[in-house]
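These notes are about the structure you will find just below.
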Amino acid sequence: MRSFLTRRLTYANVVASLALFLALGGVSYAATQLASNSVGTAQLRSNAVTGPKVKNGSLTASDLTAGARTALKGDTGATGPAGAAGAAGISAAFATPTGAKAVNFSPTKGKAVTVASLALPAGTFSVVAKVVANNNGAANAGVRCQLLSGTTKLDDGGAQVFLAPDRGLDRAVLPLTAAVVLDAAASLDVSCAASGVKGQYHGPMITADQVGSLGSAETTDTTETTTTDTTTTDTTAEVTPTG
């Protein structure tokens, strides 16, 4: 037996046996002697942790780099259906120049004079106009203004306004409004007439907002009004504008 061991005990056998012993002993030491939480980034080789070693569902978006998160975005989806059309708004606005000069009453009682004009293209418009009438005469003066498109009355101005000769009662604002559809380009005019011959029309203006369409609204007045009849005497003649 001794001679057998002697024949088998070579340098190579000794080195191999020693290496095996150290390897087995090192693994046992690592398994039993490593302290808790002692293995970190520095102890891991590059690419040492592979996909199978990562627990499913344990990673969140915050664990990924910004580049990785961007790469995970999907393709842009198809365009959705078009939404409902919105209400038509103002497409253009037109107005007479500001700072218009005052226009004198006609020297002929009751004769109309054009105090403002505004050229408009074809379209649908909401129109507002106004004039400040001022009586400079020694007697009452009745004034009425109208908004016209050619010979068509868009707003006849209603009842005439009486202006006294007294300071503070000798002037009034005359507003006019209309909604009009023009099939072709046209001019809107503010025409005024007075029963007196001494006075002026100040700040005449017309503004028109072009809109997509004109709506309509119905209102019902259910308010009962009680009025007291008062009688006054006015010697001013009714004004009927004449051309």
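The values are calculated or read from the model by the stated rules, or taken from the named source; none is laboratory data. Computed from a prediction, not measured in an experiment: that's the story for all the values here. As a convention, Cβ positions derive from the backbone with ideal geometry for all residues, glycine included, and neighbour counts pool all protein chains shown.
Please list, ordered by first then second residue, the pairs with beta carbon atoms under 7 Å, 6 or more apart or interchain, first in the range 158-173 and closer than 17 Å to L147 by Cβ, second part of a loop (DSSP other than H, G, I, E, B) and of a type in the set (A, V, I, L, M, F, W, C).
Q160/V239
Every residue in the range 131-167 that is part of a strand (DSSP E or B), closer than 24 Å to P97 by Cβ and in contact with a Cys (Cβ under 9 Å, 6 or more places away or on another chain), please.
Hits for the range 131-167 are V131, A133, V143, C145, Q146, D155.
Conditions tested, residue by residue: (1) among the aliphatic types (A, V, I, L, M); (2) modelled with pLDDT of 95 or more.
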residue: D155; (1), (2): no, yes
residue: D166; (1), (2): no, no
residue: P175; (1), (2): no, yes
residue: C192; (1), (2): no, yes
residue: L214; (1), (2): yes, no
residue: D221; (1), (2): no, no
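Return the pair list, or none, for Cβ contacts closer than 6 Å from residues in the range 105-128 that are over 17 Å from G142 (Cα atoms) and surrounded by 15 or more Cβ atoms within 10 Å (Cβ to Cβ) to residues that are modelled with pLDDT under 95 and acidic (D, E), at least 6 apart or on different chains.
That search, which allows pairs on different chains as well, returns S126/D209.
Residues are listed down the side, and each one gets a yes or a no for (1) closer than 20 Å to V131 by Cβ; (2) out of contact with any helix residue (DSSP H, G or I) (no Cβ under 7 Å at 6 or more places or on another chain); (3) among the polar types (S, T, N, Q); (4) not in a helix (DSSP H, G or I):
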residue: N56; (1), (2), (3), (4): no, yes, yes, yes
residue: L59; (1), (2), (3), (4): no, yes, no, yes
residue: A68; (1), (2), (3), (4): no, yes, no, no
residue: G74; (1), (2), (3), (4): no, yes, no, yes
residue: A85; (1), (2), (3), (4): no, yes, no, yes
residue: F94; (1), (2), (3), (4): yes, yes, no, yes
residue: T98; (1), (2), (3), (4): yes, yes, yes, yes
residue: P107; (1), (2), (3), (4): yes, yes, no, yes
residue: V115; (1), (2), (3), (4): yes, yes, no, yes
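Being aromatic (F, W, Y) and over 15 Å from F94 (Cβ atoms) is true for just one of F162, F125. Which residue is that?
On inspection, the qualifying residue turns out to be F162.
Specify which of the listed residues (V190, V197) is in a loop (DSSP other than H, G, I, E, B) and in contact (Cβ under 8 Å) with a residue 60 or more places away in the chain.
Checking each option against the conditions leaves just V197.
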